[in-house]
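The block underneath contains the structure these notes are about, expressed in structure tokens.
The values are calculated or read from the model by the stated rules, or taken from the named source; none is laboratory data. If you're wondering where the values come from, they're calculated on a predicted model, not measured in any experiment. When we count neighbours, we look across all protein chains shown, and the Cβ atoms used for this are built from the backbone with ideal geometry, even at glycine. Accessible surface is based on the protein model in full, side chains and every heavy atom, while ligands, DNA and RNA are left aside. Shrake-Rupley method; radii C 1.70, N 1.55, O 1.52, S 1.80 Å.
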Amino acid sequence: MFREDLDWKKLGEFLETRFAKCDKVNTYVYGCSDGCESYSLSILLQSKFGKDAE
């Protein structure tokens, strides 16, 4: 389901570093045609932040 043209590992590392000290972060995905970007981002956030990613 992951898009192959994005480096999801690097994005995950960036998000983990950037938002590690934040209590809440809202995410938005604009312009996705079939939902794979939203789904992939959700999986990525859950893998990096565990139960805190709601």
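For this structure, a couple of remarks:
- For the chain, a simple Cβ point-charge model (Lys and Arg +1, Asp and Glu -1, everything else neutral) yields a dipole of about 240 debye relative to the Cα centre.
- Signed unit charges on C-beta, dipole axis of the chain, positive-most listed residue LEU44, PHE14, CYS32: PHE14
- Accessible area per residue in Å² at 1.4 Å probe, computed on the chain: 86 Å²
- Computed over the chain, the per-residue total of -39500 (n - 2.57) for DSSP H runs of n ≥ 4 gives a 222 nm mean residue ellipticity of -14500 deg cm²/dmol, rounded to 500.
- Cα shape, the chain, gyration tensor, a/c 1.5 rule: prolate
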